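Note sheet for the following structure.
The values are calculated or read from the model by the stated rules, or taken from the named source; none is laboratory data. Please read all numbers here as calculations on a predicted model, not as lab measurements. All Cβ positions, even for glycine, are placed from backbone atoms using ideal geometry, and neighbour counts span all protein chains on display.
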Amino acid sequence: MLFTCPTNLDIWSNYFSLVFMPTRALDMSEVYQNVMSLNLSSFHLLDSPLKVSVFEAITCVITAIWRAKWRSHYDNVGIDNQSVVDQAMSNLRNISSLNLFSCIITTKNLRKFYP
């Protein structure tokens, strides 16, 4: 359902156009196979100041879709595709901030031991 639901196809397509370099038409069965096998080498992030990996980028959209599905089920809130993409992008920016912060902390700690 996460990969095959027609509603999710719009979410995946919009998100991929914002985050990944287009190499060919989006094939959700291929995306599913690659995600399930953890083989994401065919996906390449667009150049951006965000400090994230392909795995983190995929996780952000999966999390946003599942959150919207559960919210729809439990809170009886309709799913707005653009809101799901916005949430995925927000997740991506948050992870990037954490990654950047982690790099800064690590660098500062290394300077203590190796001035």
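General observations
- Hits in region 8-34 (condition: among the β-branched types (Val, Ile, Thr) and surrounded by 14 or more Cβ atoms within 10 Å (Cβ to Cβ)): ILE11, VAL19, VAL31
- Selected residue (criterion: farthest from the chain's Cα centre (by Cα)) from residues of region 49-61 that are over 16 Å from ASN39 (Cα atoms) and aliphatic (A, V, I, L, M): LEU50
- Inspection of region 61-68 identifies no residue that is surrounded by 15 or more Cβ atoms within 10 Å (Cβ to Cβ), among the basic types (Lys, Arg) and assigned to a helix (DSSP H, G or I).
- PRO49, sole failed condition from (1) over 20 Å from PRO6 (Cβ atoms); (2) assigned to a helix (DSSP H, G or I): (2)
- Screening SER97 on (1) part of a helix (DSSP H, G or I); (2) surrounded by 17 or more Cβ atoms within 10 Å (Cβ to Cβ) shows it passes everything except condition (2).
- Residue identified as surrounded by fewer than 10 Cβ atoms within 10 Å (Cβ to Cβ), closer than 22 Å to LEU26 by Cβ and either out of contact with any Cys (no Cβ under 7 Å at 6 or more places or on another chain) or modelled with pLDDT under 80 (or both) among SER42, SER48, SER37, SER53: SER37
- Matching residues, region 77-94, being crowded, with 19+ Cβ neighbours inside 10 Å and of a type in the set (Val, Ile, Thr): VAL84, VAL85
- Scan of region 2-40 for residues that are in a loop (DSSP other than H, G, I, E, B), in contact (Cβ under 8 Å) with a residue 12 or more places away in the chain and more than 15 Å from the chain's Cα centre (by Cα), ordered by number: THR4, THR23, LEU26
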